[in-house]
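The values are calculated or read from the model by the stated rules, or taken from the named source; none is laboratory data. Since this is a predicted model, take the numbers as computed values, not measurements. Here Cβ is always computed from backbone atoms with ideal geometry, including for glycine, and neighbour counts include all displayed protein chains. Remember, those area values only see protein heavy atoms, side chains included, never the ligands or the DNA or RNA. Shrake-Rupley method; radii C 1.70, N 1.55, O 1.52, S 1.80 Å.
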Amino acid sequence: MKILYLETSSKNCSVAVSDNEKLLCLCEEVSENYKQSESLHTYVEWALEGAGISLKDIEAVSLGKGPGSYTGLRIGAASAKGFCYGLKVPFIAINSLESMIEPFLGNNYDLIVPLIDARRMEVYTAVYDGNTGEELSGTEAKILDETSFEEYRDKKIIFVGDGAKKAKDILQLPDAVFKDDVYPSAQYLIKKTLEKIEKKEFEDMAYFEPFYLKDFHGVKKDKS
């Protein structure tokens, strides 16, 4: 089964193509300027070309549904819906935090905590078992302070994501590991996507909304 994966929730604009669990091609780039609007469809073309298939061969589309960048999520969701509608294929959506933990599972950490940088001292986060990937604490928008995550002080814990940089400066967890160069990536949507396809857990395109987690707050222009 040929599947197209889109992950646009962060500074990493990421597209992958797989044949079942086998990754055929990955195209992605981390940009401070959030290049999803100008790069996403180019990356889709490159990923399909690299995989040696055409768009009409795609049998399902999977989206990293957030949380993350409001604009990035809207672009990814609109593209995923467009592909699914045009190709008449199923639409799958995966929590973007789950894709961040995938590379670190089974590496002797008790807990893996993804941190997506939001505003000021806020992060989008959840807590996962380091071996099974089971969600231990649900996805939330969290304001970091010195007491955050202190209930896990005795655990071997790794914080991953661009929010880990500010977390390292404020959290009172000297034994924790922090990796701030980790972003949601389309290649790590494969496992969860196949599980959802097996269970026929598809999204309804008409009603699907990305996982914004909180309302969008735009900057009002001064009319004076």
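Against the criterion of being surrounded by 15 or more Cβ atoms within 10 Å (Cβ to Cβ) and among the polar types (S, T, N, Q), SER96 qualifies. So which residues in region 18-30 are surrounded by 13 or more Cβ atoms within 10 Å (Cβ to Cβ) and without any contact (Cβ under 8 Å) to a residue 40 or more places away in the chain? Of everything in region 18-30, those that are surrounded by 13 or more Cβ atoms within 10 Å (Cβ to Cβ) and without any contact (Cβ under 8 Å) to a residue 40 or more places away in the chain turn out to be ASP19, LEU24, CYS25, CYS27. Applying the criterion of being closer than 19 Å to ARG153 by Cβ and in a strand (DSSP E or B) to the residues of region 115-134, the residue that is most open to solvent (accessible area, probe 1.4 Å) is ASP129. Scanning region 134-188 for residues that are among the charged types (D, E, K, R) and under 12 Å from TYR124 (Cα atoms) gives GLU140, LYS142, ASP162. The one condition from (1) open to solvent by 10 Å² or more (accessible area, probe 1.4 Å); (2) in the same structural domain as CYS13 (by the TED database); (3) under 14 Å from the mean Cα position of the chain (by Cα) that GLU195 does not meet is (3).
Among the residues making up region 85-104, those that are within 15 Å of THR139 (Cα to Cα) and assigned to a helix (DSSP H, G or I) are SER96, LEU97, GLU98, SER99, MET100, ILE101.
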